[in-house]
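Contents: one structure, followed by commentary.
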Number of protein chains: 2
Amino acid sequence: MQPRFEVLARGGSARLGRLTAAHGVIETPAFLPIGTYGTVKAMTPEELEALGAEIILGNTFHLMLRPGPEIIAAHGGLHRFMNWRRPILTDSGGFQVFSLASLRRMSEEGVRFRSPIDGAEVELTPEISMAMQLELRSDIAMAFDDCTPYPASEREARESMERSMRWAARSHARYYADMGHSDGGPPGGLFGIIQGGVYTPLRLASLDALTKLEWPGFAVGGLAVGEAHEERVRVLEELVPHMPAERPRYLMGVGFPEDIVEAVERGIDLFDCVIPTRHARNGHLFVPGGVVNIRNRTHASDVSPVDPGCACYTCRNYSRAYLRHLDRCNEILGCRLNTIHNLHFYLELMRAIRASIAAGSFERFAADYPRPRRDAGSAVA
Amino acid sequence: MQPRFEVLARGGSARLGRLTAAHGVIETPAFLPIGTYGTVKAMTPEELEALGAEIILGNTFHLMLRPGPEIIAAHGGLHRFMNWRRPILTDSGGFQVFSLASLRRMSEEGVRFRSPIDGAEVELTPEISMAMQLELRSDIAMAFDDCTPYPASEREARESMERSMRWAARSHARYYADMGHSDGGPPGGLFGIIQGGVYTPLRLASLDALTKLEWPGFAVGGLAVGEAHEERVRVLEELVPHMPAERPRYLMGVGFPEDIVEAVERGIDLFDCVIPTRHARNGHLFVPGGVVNIRNRTHASDVSPVDPGCACYTCRNYSRAYLRHLDRCNEILGCRLNTIHNLHFYLELMRAIRASIAAGSFERFAADYPRPRRDAGSAVA
């Protein structure tokens, strides 16, 4: 079924919404934990459900290389392969191909690249990405796009955006053409991705090109790729008010907790990011207003939890000293406990955002939300 | 409290028993998963409880080096440090010191060695091991022993055994002397360890020396260190009938499922081994009569579970293809799911052993139990 979206309440530009997909309902604003290889690293599906995750993201590019589409199709799709019953959004692979840089060769048709796994030549086109996402049977598929690098001249950004728009049309055509051919049709719908770099006229032109077709949701791609924080906020402020109000708006790959609050303020409904899970595995644990680096010696004999105010399984049962010890010994349980804590932090943030929009107090919530200084490196880490 | 043991039923030499320790009751024959660094690798305590583990083993040697005794003591002991509520048995460090080989210097006083973590000189003596185990507040502590290597001449085995017996007496003296000094006394009791290599007269002399003191349980140490399978069985057959019938008998470091059945047949009550957890992380999954190597290509697109007859979480929810995929991608969830399966296999075996002793059918169970050929390497792996 096509994802359906309703806006239930507003607080300034922020929206409280409900996105209904084939495998369930997602309360928005929502955060999608990343399940790159058919697993949100270190977590079981039941743990994700208990943490309150209502939707996760799967990476088409990675799953195409390992285990390959035919193996997931043999299981009836990604849900059954990985034992996750709630909605899945799959990306198109465009962003990962973009990350390969020198290993890829781009043409109008699509992209050819060397597999980083075994060096084999692989091709990814809008049509191949759609076929793959249909085999994954994701609730929400993403159009195949060319992610514009940063920095890019206006001319480069325009060429790249225009290619993305041609690929979006090919993605749309193939996705819905194949709908009738697969068993009972695809379980989901296809979101379009707005490109255009940091150039507002290009962003608006991209949106304009996309809206010639029907999309159940729109994503903002090509941000959080190196541009300054102020540039990102400016693009959102100049672009989001023009995006269709009745469709969910998805800011891809963002970000830190304060980035999410800031983007919700500007009307964004969906977020995904590796930060909570990746930081967890590196021992960086989110606490109100900052990050605890569990590797720091100061925690060596600290019997208190990471955050005494946190209700997560990790903080209820384990000390900083224990988590530091697990990290030093490279114990798997350390990654697990850290990941539980960080995902709880993010999903709790989303609950607090939704509650404050519902209560009419979001603007106050956002104004009071701490903006810790992050070093530039950690945003990318 | 001192561990108490009752024998509830017998089947030939096999015993169904109940061991009551400070933190709970252990139905025997029992298997102890290994929690080297204050965590059974990849598992939470709740998962271990759900699998039916009633007691786990902690490694004094490893915990002494990381995080160190004072940090665990600051938490009030190993139970609270690692959030495990059921009984814990700690080893003495003797076996690990023995494994260090060239890095150690042995004297009558004890052993000095270079820490494999940071090269610092560390000393381990019966008194230090007891102090450490008392700080861990384990339910069952083990005497500090000199594990006799294999092969060893009778003279070498005798000297080593006699040193172990002097160390056992020093362990006993210090453990119970310190009882009154720590908060409310130690929560547990101290088991003696019988040494003597593959020489039955030495084994019996060791038992004789130990029984001059009171021990709530007796272990057989220094087996599964390279001797032939037949030698191990012979030692058990010649030694176990002389061990006190009213005390639990613990065969340290054994083994494969069929080794456990064979030793229960000869009167052993307690087992510990890294095999189920370590094999899991290497993708070796136990099934009736053998092992599935999940890395094998034949499982690449196999949508069936590891063992259709297995009721574990892994087999109920995931395919061989998914487990192989997780293993190839070095995903943490792969280690978790494999460990759940293998520990379920071992703990289910112990339940089946106990049920058959209770039902009077253990001798038949043991006779029918499959003896797969294992290559010598994998026993040590």
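No value in this document is a laboratory result; all are computed from the given coordinates. All figures in this text were calculated on a predicted structure; none of them were measured in a lab. Neighbour counts are summed over all protein chains in view; Cβ atoms, including those assigned to glycine, are modelled from backbone coordinates with ideal geometry.
Which are the unpartnered cysteines of the protein assembly as shown, meaning those with no other cysteine Cβ under 4.7 Å from their Cβ?
Isolated Cys, the protein assembly as shown: A:Cys147, A:Cys273, A:Cys312, A:Cys329, A:Cys335, B:Cys147, B:Cys273, B:Cys312, B:Cys329, B:Cys335.
Taking a quarter of the surface of the Cα convex hull of the range A:242-381, what do you get in nm²?
Dividing the Cα hull surface by four gives the mean projection, 9.3 nm².
List the distances, in nm and shortest first, from the label point of A:Ala352 to the matching label points in every other copy, placing each point 7 Å from Cα along the Cα-to-Cβ direction.
Label-point separations across copies, in nm and ascending: 5.1.
Please arrange B:Ser301, A:Ser153, A:Ser361 by counting, for each residue, the other beta carbons lying within 10 Å of its beta carbon, fewest first.
Fewest-to-most ranking of B:Ser301, A:Ser153, A:Ser361: A:Ser153, A:Ser361, B:Ser301.
Taking amide H positions as placed in the peptide plane 1.01 Å from N, state which residues far from B:Leu8 in sequence (5 or more) or on other chains have amide H under 5 Å from it.
Correct list: B:Leu16, B:Gly17, B:Arg18.
Considering only the label points, 7 Å along Cα→Cβ from Cα, what distances in nm to one decimal separate B:Arg278 from the same position in each other copy, shortest first?
3.5
Using the Kyte-Doolittle scale, which helices in chain B average at least 0.5 and also have C-alpha atoms spread 30 Å or more along the helix axis, with helices defined as whole DSSP H runs? List each step's numbers first, then the result.
Values: long enough: B:154-179 (37 Å, -1.50); B:332-358 (39 Å, 0.59).
Length and hydropathy pass: B:332-358.
Which residue is it, in chain A, that holds its beta carbon closest to the axis of the A-onto-B rotation, and how many whole angstrom away?
A:Ile332, 3
How many angstrom lie between the C-alpha centres of the range A:337-361 and the range B:27-99?
34 Å
Report, as an integer, the average count of C-beta atoms from other chains found within 10 Å of each Cβ along B:303-315.
1
With +1 assigned to the C-beta of every Lys and Arg and -1 to the C-beta of every Asp and Glu, and no other charges, what is the dipole magnitude of the range A:40-118 about the Cα centre in debye, to the nearest 20?
240 debye
Go ahead and run the numbers for FRET between B:Thr200 and B:Arg155, Cβ-Cβ distance against an R0 of 25 Å, rounding to 0.05. Walk me through the intermediate numbers first.
Details: r = 16 Å, r/R0 = 0.62.
It comes to 0.95.
Using the crude model of +1 on Lys and Arg Cβ and -1 on Asp and Glu Cβ, and no other charge, please compute the dipole size for the range A:148-276 relative to its Cα centre, in debye to 20.
520 debye
Quick check for me: using +1 on Lys/Arg Cβ and -1 on Asp/Glu Cβ, what's the dipole size of the protein assembly as shown about its Cα centre, in debye to the nearest 20? All intermediate terms of the calculation are to be shown ahead of the outcome.
Values: 84 positive and 92 negative charges, 8 e Å.
So the dipole magnitude of the protein assembly as shown works out to roughly 40 debye.
Quick one: label points 7 angstrom along Cα→Cβ at B:Asn296, distances to the other copies in nm, smallest first?
Relative to the other copies, B:Asn296 has label-point distances of 5.1 nm.
Mean shadow of the protein assembly as shown, computed from the convex hull of its alpha carbons, in nm²?
34.2 nm²
Taking a virtual spin label 7 Å from the Cα of A:Ala367 along the C-beta vector, which residues in the range A:1-33 bring their backbone nitrogen under 19 Å of it?
Counting only backbone N, you get A:10-15.
Most exposed first by the Cβ proxy, i.e. fewest other Cβ within 10 Å, how do B:His279, A:His284 rank?
Taking fewest neighbouring Cβ atoms as first place, the list is A:His284, B:His279.
Of B:Cys147, B:Thr200, B:Ile55, which is farthest towards the positive pole of chain B's charge dipole, taken about the Cα centre with +1 and -1 on the beta-carbons of Lys, Arg and Asp, Glu respectively?
Farthest towards the positive pole: B:Ile55.
Ranked by Cβ crowding within 10 angstrom, fewest neighbours first, how are B:Arg234, B:Arg137 ordered?
Lowest to highest Cβ neighbour count: B:Arg234, B:Arg137.
When only C-alpha pairs under 8 Å and at least 6 residues apart count, what is the relative contact order of the range B:96-238, in percent? The partial results should precede the final answer.
Numbers: 207 pairs, mean separation 30.2, N = 143.
That works out to 21 percent.
GNM on chain B, C-alpha springs below 10 Å: top fluctuator among B:Ile71, B:Ile34, B:Ile117?
B:Ile117
State, as an integer percentage, the relative contact order of the range B:260-333 based on alpha-carbon contacts under 8 Å between residues 6 or more apart.
Numbers: 64 pairs, mean separation 16.2, N = 74.
Computed value for the range B:260-333: 22 percent relative contact order.
Gap in Å between the Cα centre of the range B:289-317 and the Cα centre of the range A:220-298?
The distance from the Cα centre of the range A:220-298 to that of the range B:289-317 comes to 39 Å.
What is chain B's relative contact order, in percent, from Cα pairs under 8 angstrom and six or more apart in sequence? Mind dumping the intermediate values first?
Numbers: 730 pairs, mean separation 67.0, N = 381.
Reported relative contact order: 18 percent.
Based solely on its DSSP helices, what 222 nm [θ] is calculated for chain A when runs of n ≥ 4 H residues each add -39,500 (n - 2.57) and the sum is averaged over all residues, nearest 500 deg cm²/dmol?
On the way: 16 runs with 159 residues, N = 381.
So the helix-based figure for chain A works out to -12000 deg cm²/dmol.
For B:Asp272, what residues show an amide H to amide H distance below 5 Å, using hydrogens built from the backbone and excluding near sequence neighbours?
B:Leu32, B:Gly253, B:Val254
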